[in-house]
Structure formats: structure tokens, C-alpha cells
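Below: one structure, written as C-alpha cells.
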Amino acid sequence: MSVSRTSKSSYRRFETRIKDPNPEKSVLLVIDMQNYFSSIAGAIIPSITKTIDLCRRASIPVIFTRHSHDPAVQSRNMLAEWWNNDLIIDGTPEAEIMPEVGRRDGDMVVGKDTYSAFRGTRLEERLKEMGVEEVIITGVMTNLCCETTAREAFVRGFRVFFSTDATATSSEELHEATLKNMAYGFAYLVDCQRLCKCLSL
């Protein structure tokens with residue numbers, strides 16, 4: 001896995017549409033902040049923890065995803081072929097959520113085994129039961145699980161807000177490519193500063 005490099009630029013660099021999240025209808029998704037991704041995720045810990053804190057203070061529910069694979073069925077997963085069986089195995093330390101992000105005992109954790117947090121997880125149903133209409137996307141990797149989850153949220157009718165400083169991937173080029181795609185067709189861009197201002201905190 002490459003060393004993490006995250007975008008230092010403001011969301012305004014890529015922004016095409018402007019909207020603020022509604023805290024009464026939003027949820028924060030913290031995607032795959034697990035030990036396996038520590039070399040990438042470590043760089044955004046301050047932004048992640050600040051975003052989580054902002055959302056908690058605004059009474060926005062925080063949901064974590066945890067990516068892992070059952071070794072008994074991993075060979076049947078397309079990710080096994082794509083990544084040469086370099087998968088996160090359930091039950092290993094690598095599969096655990098990084099303690100630095102401050103997950104609480106009552107926080108919902110959604111297990112998944114592919115890029116999307118919506119596939120086979122009942123996440124959509126849970127969000128609708130909660131009255132959620134908007135999702136704020138943070139975590140890793142920007143161009144894989146974060147982007148795929150954001151796209152799926154959009155096509156399922158959720159308004160999407162995508163963090164520019166609380167997401168990370170293996171290169172600046174890939175990170176910025178996703179921000180451009182998100183802003184063009186799927187999501188409103190935000191960062192910690194924007195969230196702090198729009199949530200009046």
C-alpha cells in the first residue's frame with residue numbers, strides 16, 4: 001500500500017454546487033478507518049476526529065463501516081482476484097477500527113465485504129428507518145470505498161456531502177480525481193471548516 005497523501009486544497013477548488021447539510025436529516029459515514037489502512041488513514045486522523053466531534057455536537061448520528069472477508073469464502077469475492085488475495089480477514093487486528101478515531105460503544109458499525117457500504121448490509125433500510133436523507137462521507141479510500149458508497153447513496157436518493165480533508169487514498173492524483181467526479185455528478189464538497197461554519201459550532 002502506498003504512503004498516504006491527502007489534498008491540502010480547499011473544497012472550493014473543485015466545488016460546482018453549494019449546499020449545507022441539514023443536521024436533522026444527516027448521518028456521518030466513517031468509511032473503513034481500520035488498522036489495515038493505517039498508513040493511509042493516519043494522515044487524516046485529525047480531520048476525521050474533528051469531523052466526528054462536529055457531528056456529535058450537532059446531534060448527527062455517526063456510523064462506522066468495517067471492511068473484512070471471511071477466509072472461507074474470500075476466493076469467491078471479485079476483490080480477491082483484483083487485489084491478489086491481499087484482503088482484510090475478519091477476526092484479525094487489521095480488521096479492527098483504529099482506536100484513534102474515537103468510536104463509542106453505542107455507535108453503529110456496518111460490516112461489508114466490497115467497496116460499497118450499501119451492498120448486502122441493509123444500510124439503506126436503516127437510514128430510512130432513522131429518517132435520514134443526507135450522508136456525509138469520510139474515511140478511506142477516497143477513490144474506492146468512499147467514492148463507491150457516495151455514488152450508491154446518490155442513486156438511492158440520498159443527498160451526498162463528500163469531505164475533501166477527511167478522506168484519503170494512496171496518491172494525490174487519485175484523491176483529486178475523485179473530488180472532481182464527486183463535484184461534477186454526485187456530491188456537495190465540504191471540509192472541517194465548512195462543516196463547523198454551516199453547523200454553527
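Okay, here's what the table says:
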| read-out | value |
| --- | --- |
| For Ala41: the one exception among (1) touching a helix residue (DSSP H, G or I) at 6+ places or on another chain (Cβ under 6 Å); (2) surrounded by 20 or more Cβ atoms within 10 Å (Cβ to Cβ) | (1) |
| Within the range 12-27, tally of residues that are in a loop (DSSP other than H, G, I, E, B) and either at pLDDT 95 or above or charged (D, E, K, R) (or both) | 9 |
| Matching entry among Asn181, Asn143 (being of a type in the set (S, T, N, Q), open to solvent by 30 Å² or more (accessible area, probe 1.4 Å), closer than 24 Å to Ser38 by Cα and not in a loop (DSSP other than H, G, I, E, B)) | Asn143 |
| Residue in the range 78-96 that is modelled with the lowest pLDDT, counting only those that are surrounded by 15 or more Cβ atoms within 10 Å (Cβ to Cβ) and over 13 Å from Gln34 (Cβ atoms) | Ala80 |
| Residues within the range 93-104 that are free of Cβ contacts under 8 Å to residues at least 12 places away in the same chain and among the β-branched types (Val, Ile, Thr), tallied | 0 |
| Members of the range 159-171 that are open to solvent by 10 Å² or more (accessible area, probe 1.4 Å) and either under 14 Å from Ser26 (Cα atoms) or in a strand (DSSP E or B) (or both) | Arg159, Asp165 |
| Only one of Phe186, Phe118, Phe158 that is hydrophobic (A, V, I, L, M, F, W, C), closer than 12 Å to Pro21 by Cβ, within 15 Å of the chain's Cα centre (by Cα) and modelled with pLDDT of 95 or more | Phe158 |
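Conditions (1) closer than 19 Å to Ala168 by Cα; (2) without any contact (Cβ under 8 Å) to a residue 24 or more places away in the chain; (3) of a type outside the set (Lys, Arg); (4) outside any strand (DSSP E or B), marked per residue:
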residue	(1), (2), (3), (4)
Thr49	yes, no, yes, yes
Arg56	no, yes, no, yes
Ile63	yes, no, yes, no
Gly120	no, yes, yes, yes
Ile136	yes, no, yes, no
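The values are calculated or read from the model by the stated rules, or taken from the named source; none is laboratory data. Fair warning: this is a prediction, and the values are worked out from it, not measured in the lab. Here the Cβ is made from the backbone with ideal geometry for all residues, glycine too, and neighbour counts use every protein chain on show. Keep in mind that these areas ignore ligands, DNA and RNA; they rest on the heavy atoms of the full protein, side chains included. Shrake-Rupley method; radii C 1.70, N 1.55, O 1.52, S 1.80 Å.
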